[in-house]
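Working notes, beginning with the structure itself.
No lab work stands behind these numbers, since they all come straight from the coordinates. All values derive from a computational prediction rather than experimental measurement. Here the Cβ positions follow ideal geometry from the backbone for every residue, glycine too, while neighbour counts run over all protein chains shown.
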Amino acid sequence: MPGPRRLLLTLPLLALSAFAQRSIPIENEFVRVLIVVDPPVTKPGAMHVHDQNRVMIYLDAADINIRHENGQGDEDQHWKPGDIAWSPATGRHTSEHVSAKPARIVEIELRKPGSGSTPKAPATGVLLDKPQVLVYRATTPPPPGNNYIAVNMQTAETVWNGTPSGKGPFVITLLK
């Protein structure tokens, strides 16, 4: 009988997400947060859609090829540890992780439109400012009364309206 590795190689290639390790540390009416360990693959995953805008936090380097069904907007993405990206809801596409090593990615799916209010931005460290979120680096949480996700960039610990353990650095995704 083949061992687990051999058995895995004989399975038909399914969507990339079938092989990625995923955990969902936060899911509520505002967000769904996934921590994904995305392994290298030799073929693109199945066509899929992202119905919600997302904030992508790359904890490891990743080279990912995105191919859209209509052929428009195809990208070869190259991420470094600590990169933050806005990923708008998209049409049907495939993704293929072509790096030599697995990559950890925190994906924050935004379930609600922005409120129109703009939270006070920190003096430095703003990484992304979009209608739904303000994303910045910090070592302390935002003022009380804000909904936010804090991610420890070293450990991937992800917390809703709180501070992960350790000294950080943290990436704060403040919901608007």
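Annotation: amide H-H contacts under 5 Å for ARG111 (H modelled 1.01 Å from N, sequence separation of 5 or more, or interchain): VAL31, ARG32. Of all DSSP bridge pairs formed entirely within segment 44-125, close to 100 percent run antiparallel. Taking other C-beta atoms within 10 angstrom as a stand-in for reagent exposure, HIS97, HIS48 fall in the order HIS48, HIS97, fewest first.
Dividing the mean sequence gap of close Cα pairs (under 8 Å, 6+ apart) by how many residues the chain holds gives a relative contact order of 20 percent. As a rough footprinting exposure proxy, the listed residues ILE57, ILE84 were ranked by other beta carbons within 10 Å of their own, and the order from fewest upward is ILE84, ILE57. Each part gets one Cα centre, and for segment 103-176 versus segment 26-56 those centres are 18 Å apart.
Rounded to 0.05, the FRET efficiency of the SER115 and ILE24 pair, given R0 = 30 Å and the Cβ-Cβ distance, is 0.80.
Only helices enter this figure: runs of n ≥ 4 DSSP H residues, each worth -39500 (n - 2.57), summed and divided by the residues of the chain, yield -1500 deg cm²/dmol at 222 nm to the nearest 500. For LYS176, the lysines whose Cα falls under 17 Å of its own Cα, not counting residues fewer than eight places away in the same chain, are LYS112, LYS120, LYS130.
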